[in-house]
1. In the stretch 95-142, if every C-alpha pair distance is counted and binned at 5 Å from zero, what percent goes to each bin?
2. About the Cα centre, and with charges only on the beta carbon of Lys, Arg (+1) and Asp, Glu (-1), how big is the dipole of the chain? Nearest 20 debye, please.
3. Mind telling me which of Gly51, Gly154, Gly73 comes out most flexible in a GNM of the chain, alpha-carbon contacts under 10 Å?
4. Any chance you could look up the accessible area of Ser161 with a 1.4 Å probe, heavy atoms only, rounded to 10 Å²?
5. Quick check on the stretch 90-205: what are the equivalent-ellipsoid semi-axes from the Cα gyration tensor, as sqrt(5λ), descending, whole Å?
6. Could you state the orientation-averaged shadow area of the convex hull built on the Cα atoms of the stretch 144-186, in nm² to one decimal?
7. Would you mind listing how long the stretch 48-121 runs along its three principal axes, going by Cα atoms, in whole Å with the largest first?
8. Of all the Cα-Cα pairs you can form in the chain, what percent are over 28 Å apart?
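The values are calculated or read from the model by the stated rules, or taken from the named source; none is laboratory data. A quick note: this is a predicted structure, and the numbers were derived from the prediction, not measured. Counting neighbours? That spans all protein chains shown, and the Cβs are built from the backbone with ideal geometry, glycine included. Surface areas here come from the heavy atoms of the whole protein model, side chains and all, with no ligands, DNA or RNA. Shrake-Rupley method; radii C 1.70, N 1.55, O 1.52, S 1.80 Å.
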Amino acid sequence: MTSTVPGAAGYGANASALASQYESITFAEVYRDLIHLFPTQPATVVDIGAGSGRDAAALARCGHQVIAVEPTGELRREGQRLHGALPIDWMDDHLPTLDVLRQAKRRFDVVLLTAVWMHLDAQEREVAMEAVAALTADNGQVFMSLRHGPIPEGRRMFDVSAEDTVRLAARHGLRCHHQAEREDMLGRADVSWSFLALRRLAASE
């Protein structure tokens, strides 16, 4: 059944093609500018809006304990099919509130939001940043990518700047310690990306 989450509009009907597109690029290629910041020792990771599970799978292979959160059932099933041999815990939940995930009262060393944030409007981003901060352990990191460019037909997206995102994160105790801009990984001339690494400081800092 296709998700009724507004930000997931257009993804369920094209899940197989989208999964193939996502899997055509590696996690290392996507996060080439931030990959040196990821933990090298086993850590707890939550991949929010995990899609086909490409990033969750790469991190699971590195020995991390990974939860993949994906609200679109068709994409979630594609991810489970493609990466079923890996110890990934798949979950049906969604931004902005992440109610199911937060009920577990867990905090994570890494929170991943790849090509997700621009699906939320300004009010939703306020709520979502609070939820993301609550899920991030002290000294944990949030890695985000933001898409800039024309909105594909049938999708719900908003123009979200890196600067606004950094300011919003700071209000919730997440400090940006790395920012990168880059071209589209699929070669679309009118699309570009911002990548952010945010860190949650311990209460004493």
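1. Pairs per bin, as whole percents: 5, 22, 30, 27, 13, 2.
2. Around 400 debye, computed over the chain.
3. In this elastic network of the chain, the residue with the biggest mean-square fluctuation among Gly51, Gly154, Gly73 is Gly154.
4. Spelled out: Ser161, probe radius 1.4 Å, area about 40 Å².
5. Value: 24, 17, 12 Å, ordered largest first.
6. So the Cα hull casts an average projection of 3.9 nm².
7. 34, 26, 19
8. Value for the chain (Cα pairs over 28 Å): 19 percent.
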